[in-house]
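Beneath this line is the structure, given in structure tokens, with notes to follow.
The values are calculated or read from the model by the stated rules, or taken from the named source; none is laboratory data. If you're wondering where the values come from, they're calculated on a predicted model, not measured in any experiment. Reconstructed Cβ throughout: ideal geometry from the backbone, glycine too, with neighbour counts over all protein chains shown. Ligands, DNA and RNA are excluded from the accessible area calculation, which covers all protein heavy atoms including side chains. Shrake-Rupley method; radii C 1.70, N 1.55, O 1.52, S 1.80 Å.
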Amino acid sequence: MFAAIGAGIAVITGVGAGIGIGIATGKASEAIARQPEASGKITSALLIGAAMAEATAIYGLVVALVIIFTK
Amino acid sequence: MEKLNSVLEESIGVTPDVSIFGLFSVPKSVVVTWGVMAFLVLISILLTRNLKRIPSKRQMFLETIIGSFDKFCKSNIGEHWRPYVPWLGTVGLYILCCNLIGILGIVPPTKDLNVTAALALLSMLLIYGSQMRYLGLSRGLKKFVEPIPFLLPLNIMEIAIRPLSLCMRLFGNILASFMIMEMIKCLMPAIVPVPCSIYFDLFDGTIQTIVFVFLTTLFVSEGIHTHEA
């Protein structure tokens, strides 16, 4: 039972990723609105930054899986 | 509910071995990798037949792709960009095929931690090998104290942390996509898997490929360039 609680706590790292990517997307939208012809570069910078920020949330998921499925 | 539990456990577990002719057993990821290798070799041979000076449409399409990848490597790595293009391109193609093979109902090999760990180890050898090769041994070692000597422990730890993060990022994303798709197919097999698969299998797999190749390129360029003005 404590494994389930531990796994639940481990997945809370998703909060940081969600907030970070949300702020980044907001700034990217502002930048595109300010200068629409640079939207290609802005989009690629956004996607790469989002994928890297998401990695920390994935680490939390992997730790939760390890906690649940090992005795 | 029982079925969902069993699907969940089965999708997380290590991919089982396949026995060849009953003689010896080989991990399933290796067998699927053989299939991906055969596919890539086949389309390489078929698509590059009869290259002419005045290109046909197929050749122009291939040249566009190669040209854009060349430009990407040149703008990121800088001076010695030429030797890296074949390796990065091949690894990118391999990871792309491995990630997208989930659509066909085959278990993606990158769901296996061994495959992603091997790819991350190769990236680590590439990054630090090129740092030592292009800067010489003493200059390359001095790079670890480069901006401030205070950062020496961090730079030493990064030798292990960077490949670990590459490995875990790819593994975690593909494992999570696979698990979610299995559960969706178990609960709502009718039409819902189709749009979900477009996001989880196609989009996520492509983005993870781009991120892996881009990060390796970035680390290589960071290793080669010295911070002299």
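Looking only at segment A:61-71, filter to residues that are facing chain B (nearest Cβ under 9 Å) and open to solvent by 70 Å² or more (accessible area, probe 1.4 Å); which one of those is modelled with the lowest pLDDT? Give the steps one after another, and end with the answer.
The first filter runs over segment A:61-71 and keeps only residues facing chain B (nearest Cβ under 9 Å), leaving A:61-62, A:65, A:68-69.
Among the residues that remain, those that are also open to solvent by 70 Å² or more (accessible area, probe 1.4 Å) are: A:68-69.
Working: A:I68: 84, A:F69: 80.
Looking at residues that are facing chain B (nearest Cβ under 9 Å) and open to solvent by 70 Å² or more (accessible area, probe 1.4 Å), I get A:F69.
When A:I9 is tested against (1) free of Cβ contacts under 8 Å to residues at least 24 places away in the same chain; (2) closer than 22 Å to B:F171 by Cβ; (3) within 14 Å of chain B (Cβ to nearest Cβ), only condition (3) is not met. Of the residues in segment B:128-150, not one is closer than 23 Å to B:V213 by Cβ, within 14 Å of another protein chain (Cβ to nearest Cβ), under 25 Å from the mean Cα position of the chain (by Cα) and open to solvent by less than 30 Å² (accessible area, probe 1.4 Å).
B:F219 fulfils the conditions (1) within 14 Å of chain A (Cβ to nearest Cβ); (2) open to solvent by 30 Å² or more (accessible area, probe 1.4 Å) except for a single criterion, (2). Against the definition (under 11 Å from the mean Cα position of the chain (by Cα), among the small types (G, A, S) and more than 10 Å from chain B (Cβ to nearest Cβ)), how does A:G40 come out, yes or no? It is false that A:G40 is under 11 Å from the mean Cα position of the chain (by Cα), among the small types (G, A, S) and more than 10 Å from chain B (Cβ to nearest Cβ).
Taking the criterion of being of a type in the set (G, A, S) and open to solvent by less than 80 Å² (accessible area, probe 1.4 Å), the residues of segment B:55-91 that qualify are B:S56, B:G67, B:S68, B:G78, B:G89.
So that you can scan it fast, the table gives a plain yes or no per residue for (1) part of a helix (DSSP H, G or I); (2) open to solvent by less than 60 Å² (accessible area, probe 1.4 Å); (3) of a type outside the set (A, V, I, L, M, F, W, C):
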| site | (1), (2), (3) |
| --- | --- |
| A:A7 | yes, yes, no |
| A:V11 | yes, no, no |
| A:V15 | yes, no, no |
| A:E54 | yes, no, yes |
| A:Y59 | yes, no, yes |
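Do we find that B:V18 is open to solvent by 40 Å² or more (accessible area, probe 1.4 Å), part of a strand (DSSP E or B) and hydrophobic (A, V, I, L, M, F, W, C) in this structure? Here the answer is yes, as B:V18 does meet what is asked. For a quick check of your reading of the model, give me the residue pairs whose first member lies in segment B:104-117 and is more than 12 Å from B:K28 (Cα to Cα) and open to solvent by 20 Å² or more (accessible area, probe 1.4 Å), whose second is in a helix (DSSP H, G or I) and not hydrophobic (A, V, I, L, M, F, W, C), with beta-carbon atoms closer than 9 Å and at least 6 apart or on different chains. Correct list of pairs: B:A117/B:P163. Among residues that are exposed (fewer than 13 other Cβ atoms within 10 Å of the Cβ) and either in contact with a helix residue (DSSP H, G or I) (Cβ under 9 Å, 6 or more places away or on another chain) or of a type outside the set (F, W, Y) (or both), B:S11 is not included. Within segment A:43-71, residues that are without any contact (Cβ under 8 Å) to a residue 24 or more places away in the chain sit with their Cβ atoms under 8 Å from residues that are open to solvent by 70 Å² or more (accessible area, probe 1.4 Å) and among the hydrophobic types (A, V, I, L, M, F, W, C), at 6+ positions apart or across chains, in these pairs: A:L47/B:I210; A:I48/B:I210; A:A51/B:I210.
Of the residues A:A33, A:A28, A:A24, A:A45, which is open to solvent by less than 40 Å² (accessible area, probe 1.4 Å) and among the hydrophobic types (A, V, I, L, M, F, W, C)? Even if it seems obvious, please write down each step before you answer.
Working: A:A33 fails: open to solvent by less than 40 Å² (accessible area, probe 1.4 Å); A:A24 fails: open to solvent by less than 40 Å² (accessible area, probe 1.4 Å); A:A45 fails: open to solvent by less than 40 Å² (accessible area, probe 1.4 Å).
Only one candidate qualifies: A:A28.
The listed residues are B:M188, B:M157, B:M181, and the only one of them that is open to solvent by less than 20 Å² (accessible area, probe 1.4 Å), of a type outside the set (G, A, S) and away from chain A (no Cβ under 14 Å) turns out to be B:M181.
For the condition more than 16 Å from B:T90 (Cβ to Cβ) and at pLDDT 90 or above, what is the one hit in B:V41, B:V36, B:V32? If you could, list the steps in order and put the result at the bottom.
On the way: B:V41 fails: more than 16 Å from B:T90 (Cβ to Cβ); B:V36 fails: more than 16 Å from B:T90 (Cβ to Cβ).
Only one candidate passes the filter, namely B:V32.
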